Amino acid sequence: MSEHVAFTGMSDTDPIDAVVPYRVDALDARGRAVMVGPMLDAILDRHDYPEPVARLLGEMIVLTVLLGTSLKFEGKFIVQSQTDGPVSLLVCDFATPDGVRAYARWDEDAVEAAQKAGTDDPASLLGKGTLALTVDQGAYMQRYQGIVQLDGASLEEVARNYFRQSEQIPTELRLAVARLTVRGDDGDVRNHWRAGGILAQFLPEAPERARMSDLHPGDAPDDAEIHELDEDYAWQEVKALLDTVSDDELVDESVGVHTLLYRLFHERGVTVNEAGPVHDRCTCSREKVAGVLQSLSPEERAESLEDGEIVVKCEFCSTVYRFKLSDFDKPN
């Protein structure tokens, strides 16, 4: 992809529903930033989630997109929470290179009671359980899965804990979701969703930057102490900069991804890559559902009949597939 250096931080076409890779060579940092809108509306609106549930799923989508878009192979990245709280399941699939699907399972009465009691914060809605991050490279490759406990924290903090515990590349991230109200030209008030996030990773072996230890000491005395670059300080600076990011900056279209990256890193120099789009795209199909039903015994298919049909609804995209028993008659 083509690259450009964000000198001004301003862009007439700041991307929405797209991920922007970036790097800050002076700090050995690389990462991705994203803002999603219409895609998020499509996913959330088809299920009519209560607002606190929609916010949680929005965060899960941003987290999955930030991590999944780093995959360099054909496959899936899946993030899933399973808990004992009112929102018992959140799942988001990212299918390379740009497909996203997601849904939540919740107890309607419990969520409504939590809203009335003012206990609808993420930790209370999720309860205790686990967050699993799975890399699926296809049928003939081994899956990789990492699991972290959900311990009464937000998804953002749980993700941080996962990276701290997994001994992977030092990683920092910020997530935000907002429901915005706008008045259209016709005077009608409409709500829409915006979510954003930024992820940074520390790559001290990046070759782009010359280090103090690589430089000739010049005319310094033989016994002079040559100070190495403090790599830990560089990473601490990245973390401190990300800590200044407000939720509003992550979801405000008037700020945008490029402006946000410029605000954070312009003093160090930030290079951004071409944005990569992400789309609301389910992987279900009539053929796949038929294949699953074909694997059942005739008796099991017969038990699944409702008013003479087998009805299967995709939990992700809400598409309904209808079959008759005769659809599975094998030719003689």
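The values are calculated or read from the model by the stated rules, or taken from the named source; none is laboratory data. Model, not experiment: these values are computed from the prediction. Please note: Cβ atoms are built from the backbone with ideal geometry, for glycine as well, and neighbour counts cover all protein chains shown.
A few remarks follow.
- Residue tally, condition more than 20 Å from W235 (Cβ to Cβ), surrounded by fewer than 20 Cβ atoms within 10 Å (Cβ to Cβ), of a type outside the set (K, R) and touching a residue at least 40 places away in the same chain (Cβ under 8 Å), over the range 162-181: 2
- Test result for R105, over 16 Å from V148 (Cβ atoms), out of contact with any Gly (no Cβ under 7 Å at 6 or more places or on another chain), at pLDDT 95 or above and crowded, with 19+ Cβ neighbours inside 10 Å: no
- Odd one out for S246 among (1) at pLDDT 75 or above; (2) under 17 Å from P170 (Cβ atoms): (2)
- Residue in the range 248-266 that is of a type in the set (A, V, I, L, M, F, W, C), surrounded by 17 or more Cβ atoms within 10 Å (Cβ to Cβ) and not assigned by TED's automatic domain parsing to the domain that holds E156 present: no
- Screening R101, R143 for residues that are on the phi < 0 side of the Ramachandran plot, among the basic types (K, R) and in contact (Cβ under 8 Å) with a residue 12 or more places away in the chain leaves exactly one candidate, R101.
- Residues that are over 25 Å from A178 (Cβ atoms) and touching a Ser or Thr at 6+ places or on another chain (Cβ under 8 Å) within the range 243-281 comprise N273, E274, listed in sequence order.
- Filtering the range 173-220 to residues that are among the charged types (D, E, K, R) and either under 17 Å from G31 (Cα atoms) or modelled with pLDDT of 70 or more (or both) leaves R174, R179, R183, D185, D186, D188, R190, R194, E205, E208, R209.
- Being modelled with pLDDT under 95, under 21 Å from S318 (Cα atoms) and in contact with a strand residue (DSSP E or B) (Cβ under 6 Å, 6 or more places away or on another chain) is a condition met by no residue of the range 50-64.
- Output for the range 267-309, where each listed residue is in a loop (DSSP other than H, G, I, E, B) and surrounded by fewer than 13 Cβ atoms within 10 Å (Cβ to Cβ): E267, E274, S285, S295, S297, D307, G308
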